[in-house]
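Have a look at the structure below before the remarks.
Derivation of every value follows stated rules applied to the coordinates shown; laboratory data play no part. Only a predicted model underlies this, so the values are computations on that prediction, with no experimental measurement involved. Cβ: placed from backbone, ideal geometry, glycine included. Neighbour counts: every protein chain shown.
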Amino acid sequence: MKNTHFAVFLLALSMSACVQKNEKNEEKPVTDSVTVNTDVRTNSTTPDWVGEYKGVIPCEDCDGIETSITLNKDSTYILKTTYQGKGNTSEDKGTFTWLEPGSRVVLKSNDIEQVYLIGNETLTILNSEGKITEGELADDYVLKKQ
């Protein structure tokens with residue numbers, strides 16, 4: 001019996017929090033609008049993962065691959081690479097999808113399908129098993145946000 005009275009009391013208390021008194025002591029429902037943000041990682045209007053990430057990743061037959069990836073809010077990307085010492089430059093455009101909201105994305109185009117981990121101002125290229133490269137070269141696969 002006490003539990004029933006307590007439950008009714010809590011219900012009444014929670015409902016009374018949803019009304020305001022105006023100057024004439026009349027009750028009216030609260031009608032303030034609330035904006036709901038659907039961005040995965042931030043409360044701003046532009047998600048914090050949007051932007052350009054740059055770095056030089058290892059290359060077997062050159063000095064390194066200058067890499068720039070731009071992630072756009074509309075789930076598109078631009079990937080630019082330049083092979084140091086060779087001068088070969090390429091640009092790839094496509095879309096990306098979230099594997100895990102706010103943390104892992106897959107860049108897809110005709111030429112590539114690569115998984116990346118989004119960190120704090122970083123984009124880490126994951127290996128073929130979807131894991132972070134470990135050891136001495138681990139930092140070489142991290143692109144930094146510009």
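Assorted remarks:
- Table column - 3J(HN,Hα) (Hz), region 62-71, Karplus curve with 6.51, -1.76, 1.60, x for Gly and Pro: 8, 6, x, 10, 5, 10, 10, 10, 10, 9
- Given their separation in residues at 0.36 nm each and the Cα-Cα distance between them, residue 128 and residue 80 gain 15.2 nm when the chain is fully extended.
- Additional length obtainable on full extension of the chain from residue 97 to residue 70, 0.36 nm per residue less Cα span: 8.3 nm
- Listed residue pairs exceeding 23 Å between alpha carbons, taken from 73/108; 86/145; 86/131: 86/145; 86/131
- All other residues whose Cβ lies under 13 angstrom from that of residue 143 are scored, Lys and Arg at +1 and Asp and Glu at -1, for a net of -1.
- For the pair residue 89 and residue 120 in one chain, pulling the backbone fully straight at 0.36 nm per residue adds 8.4 nm over the alpha carbon distance.
- A Cβ-based charge dipole, computed about the Cα centre of region 51-145 with Lys and Arg at +1 and Asp and Glu at -1, lands at about 420 debye.
- Evaluated at q = 0.16, 0.27 Å⁻¹, the base-10 log of the normalised Debye intensity for region 70-146, with identical point scatterers placed on the Cα atoms, takes the values -0.63, -1.45.
- Integer Hz, Karplus 6.51/-1.76/1.60 couplings in order for region 131-136, x for Gly and Pro: 10, 6, 5, 9, x, 4
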